[in-house]
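Only one structure is covered here, and it is reproduced in the block below.
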Amino acid sequence: MSMDTTKTSPNIPIIFEDNHLLVIDKPAGVLSQEDHTGDPDVLNLCKAYIKKEYNKPGNVYLGLVHRLDRPVSGVMVLAKTSKAASRLSYQIRKRTMKKTYWALVHGMSPVYGEHVHFLDKDNRTNIVKAYKSPKGNAKESRLNFITIKQSKKFSVVEVDLITGRPHQIRVQFAKEGNPLWGDHKYGNPDKNFGKDIALRAVKLELEHPTKKELMTFKAPKPTGQPWNVFEY
C-alpha cells in the first residue's frame with residue numbers, strides 16, 4: 001500500500017489502514033498519548049483524522065495498544081475497534097507481536113548479543129533504573145541485537161525486543177556503556193545533540209485481529225542527521 005498522510009498537524013504518514021487497524025509512522029517529538037503539556041499526540045491526531053476522513057459523528061473509537069517514547073519515531077499500530085484492541089493487547093502480553101528497532105549508539109557495540117536486565121521505573125521522576133540481578137519490583141527485560149555498522153565512536157544496531165518495558169532499549173544500552181545518540185536522560189551528557197533520540201521503530205509483525213494472517217509493517221529506514229554518519 002502506498003503511503004498517504006493524514007490531514008493533521010503535524011502530518012502523520014499512514015503505512016496501512018483497514019476497518020480494524022491503523023498503522024502509522026510516528027514522527028519524532030510527537031507524544032503517543034496526551035499528557036500535562038497539552039502538546040499534539042498521536043491518539044488525538046489520528047482520531048481527528050478518522051472523524052474528518054470518514055465524516056463520523058460523535059466520538060471516534062481508537063485504541064492505543066502500545067506506545068513509543070516522545071523522541072522516538074517509527075511504526076506504530078492503533079486499533080480501530082475494541083475487538084482489535086483486545087486481540088492486539090493479547091499478542092503483546094503473549095509476546096507474539098514482534099518489534100524491531102534501529103538505534104545509533106555511542107561506542108563499539110558487540111557484533112551481536114542479548115541484553116538481560118531488571119528494570120524498575122520511578123513514576124515520580126519518569127526514570128528507569130537497570131540492575132544486573134533481581135531487585136525489589138524490577139521486571140526482567142530482554143532484547144537481542146546485531147550491529148549493522150560501526151566506527152570507533154558509533155555503532156548502528158538492529159534491536160529485537162523480547163519484552164516491552166518503558167525506555168527499555170535506551171536504559172539497557174546505556175547500562176552496557178553504549179548510550180543512544182541524543183539521549184540526555186540515560187548516560188549521554190552532551191547537550192549539543194538536539195531534542196530527538198537516534199531510535200526508530202523500523203518493523204512490526206503481528207497477527208491480523210480478524211483475518212488471523214501474519215502481517216509485517218515496515219517504516220522507511222532512518223536518514224539524515226545523525227544517521228548519515230554511516231552509509232548503509
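Once both labels are modelled 7 Å past Cα along the beta-carbon direction, what's the S151-T163 spacing in nm?
Between S151 and T163, the simple spin-label model gives 3.5 nm.
When the helix-only estimate is applied to the chain (DSSP H runs of n ≥ 4, each -39,500 (n - 2.57), divided by the residue count), what is the mean residue ellipticity at 222 nm, nearest 500 deg cm²/dmol?
For the chain, the value works out to -4000 deg cm²/dmol.
Note the full-extension length gain between R124 and Q33 as 0.36 nm times their separation in residues minus their Cα-Cα distance, in nm to one decimal.
Residue separation times 0.36 nm, minus the Cα-Cα distance, leaves 31.0 nm.
Which of the aspartates and glutamates could a cross-linker span from K94 if the Cα-Cα distance has to be under 13 Å and same-chain partners fewer than 8 positions apart are dropped?
Those aspartates and glutamates meeting the cut-off are E207.
Set the Förster distance to 22 Å, then compute FRET efficiency between D18 and K98 from the Cβ-Cβ distance, nearest 0.05. Walk me through the intermediate numbers first.
Working: r = 20 Å, r/R0 = 0.91.
Step by step, r from the Cβ atoms, then E = 0.65.
From the Cα gyration tensor of segment 43-94, with a ≥ b ≥ c the square roots of its eigenvalues, which class applies: rounded if a/c is under 1.5, or else prolate if a/b is larger than b/c, or else oblate?
Oblate.
What distance in nm separates the simple spin-label points at Y112 and M215, each placed 7 Å from Cα in the Cβ direction?
Those two pseudo-labels are separated by 3.0 nm.
Hey, can you grab everything whose amide H is under 5 Å from the amide H of S73? Only 5+ residues off in sequence or another chain; H modelled, so Pro and N-termini drop out.
It is L199, A201, by chain and number.
For the pairs K98/K218; K26/K185; K51/K99; K83/K139; K56/K80, note any where the Cα-Cα span goes beyond 18 Å. Walk me through the numbers before you get to the answer.
On the way: K98/K218 12 Å; K26/K185 21 Å; K51/K99 29 Å; K83/K139 28 Å; K56/K80 13 Å.
As for pairs spanning more than 18 Å Cα to Cα, those are K26/K185; K51/K99; K83/K139.
Give me F118, F16 sorted ascending by neighbouring Cβ count inside 10 Å, so fewest comes first.
Fewest to most other Cβ atoms nearby, the residues stand as F16, F118.
Mind checking the dipole of the chain: about its Cα centre, +1 per Lys or Arg Cβ, -1 per Asp or Glu Cβ, Debye to the nearest 20?
Details: 38 positive and 24 negative charges, 105 e Å.
Computed about the Cα centre, the dipole is about 500 debye.
Read the figures in this text as sums done on the coordinates, not as results from a lab. Note that the structure is predicted; figures quoted are calculated from it, not measured. Reconstructed Cβ throughout: ideal geometry from the backbone, glycine too, with neighbour counts over all protein chains shown.
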